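Notes follow the structure.
Bear in mind that the values in this text are calculations on the coordinates, not laboratory data. From a predicted model like this one, the values you see are computed outputs, not experimental measurements. Don't worry about glycine lacking a Cβ; one is built from the backbone with ideal geometry, like all the others, and counts go over all protein chains shown.
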Amino acid sequence: MKNLYELRKFLLKFGTIIYIGDPLADLELMEEEMNELYQVNLITQDQFIQAKLIITREKEKLVKG
């Protein structure tokens, strides 16, 4: 995963579609979903870290405007 689009595609593999219409809320839900997937060992630590970095980067973009 390198960007938000790829993260969304990755989550789709697990049957997860996240779209609320509020970009920040979408990111927070993605973060929660990745946390759950990692806790139940459905994703690797590397995938988890990559997703967290993408989400953090996207949140920073939203805050800076």
Apart from one, (1) in contact (Cβ under 8 Å) with a residue 24 or more places away in the chain; (2) assigned to a helix (DSSP H, G or I) all hold for Lys61; the odd one out is (1)
Filter result (in a loop (DSSP other than H, G, I, E, B), of a type outside the set (S, T, N, Q) and on the phi < 0 side of the Ramachandran plot) within segment 2-39: Lys2, Lys13, Phe14, Ile17, Ile18, Tyr19, Ile20, Asp22
Residues being touching a helix residue (DSSP H, G or I) at 6+ places or on another chain (Cβ under 8 Å), surrounded by 12 or more Cβ atoms within 10 Å (Cβ to Cβ) and farther than 11 Å from Met1 by Cβ: count how many of those fall in segment 36-61. 4
